[in-house]
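See below for the structure under consideration.
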Amino acid sequence: MFLIRSVVRASLFAACFSTLAVASSPAQGISATSLAPSIATSGTGEAKVTPDRAAVMVNVQTRAATAAAAASENARRTTAVLDALAKLGLPKSQLSTEGYSVNPEMVYGSGQTPRVTGYVATNTVRAETQRPEQAGAIIDAALGAGANLINGLSFFASSIDAPRREAIATAVASARADAEAMARAAGGSLGDLIELTTQGPTVPPRPMYDMSVMARKAESAPTPVNPGDQTVSVFVSARWRFVPR
């Protein structure tokens, strides 16, 4: 489905004073083209693209009485997670650390001084694969090796050039069809193209999975994933000369 917005820009002023515009000197900055009646339309085109990449955000979170103990346990479990992902065939270039923190856990009592009850260490690893169908196996392997949070799962395409151009062609054809219909309705015909611009593309992000659901699935059955298709959207705006009968 395409969203079409069309506007007619043809003024009696432009029609009446077109002769004057031709006679004006170039120094005045006025041309016959700028004063001639015109038709402006816009259109949106869409095309589908199949993702060929997937990225999983894996968190390892540990707690201990001291910061050093929390960090040490986190290092042990994160190493186990990375080893498990490497066994799936993911090279180091596709495994990156996205964040690391060690923070105290505080207790706040009414009228009492806040006190530290322990420390939390969190290590976030981004696992990227060129096989989107492998995302479920990545989740299960990470949770099985000691990860306890899955922050998100996203699918994307490495290139959208072909679907983007397909969407542009659709948008331009739609804008031109509207312009022709408007010209006929106004008692004339569509002239030469004056201006054509495009915006986009836009690819809406895929929704993230709920991390608590991920944890439950990993304990019982393999996590199912389906990359599906993504929509590439492009917007164009155009202006044509209107030729009266």
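When Lys and Arg each count +1 and Asp and Glu each count -1, what net charge do the other residues less than 14 Å away from Pro104, Cβ to Cβ, add up to? So the environment of Pro104 carries a net charge of +1. Were the residues from Ser159 through Ala177 laid out at 0.36 nm apart, the gain over their Cα-Cα distance would be 3.5 nm. Here the contact order of segment 53-154, divided by its residue count and restricted to Cα pairs under 8 Å and six or more residues apart, works out to 49 percent. Between segment 223-244 and segment 86-101, the C-alpha centres lie 34 angstrom from each other. The local environment of Val234, defined by Cβ-Cβ distances under 10 Å, has a net charge of 0 under the rule Lys, Arg +1 and Asp, Glu -1.
Note on Ala80 and Leu95: the model spin-label points, each 7 Å out from Cα along the C-beta direction, lie 1.4 nm apart. What the pair-distance distribution of segment 53-154 shows, using all Cα-Cα distances binned every 10 Å from zero, is 16, 43, 23, 12, 5, 1 percent. Between Leu193 and Asn103, the modelled label-to-label distance comes to 5.3 nm, taking each label 7 Å out from Cα in the direction of the beta carbon.
With +1 on each Lys and Arg Cβ and -1 on each Asp and Glu Cβ, and nothing else charged, work out how big the dipole of segment 53-154 is about its Cα centre, in Debye to the nearest 20.
Around 100 debye, computed over segment 53-154.
Quick note: the coordinates plus some simple rules give every number you see, no bench work behind them. Everything quoted here is computed from the prediction, not taken from an experiment. When we count neighbours, we look across all protein chains shown, and the Cβ atoms used for this are built from the backbone with ideal geometry, even at glycine.
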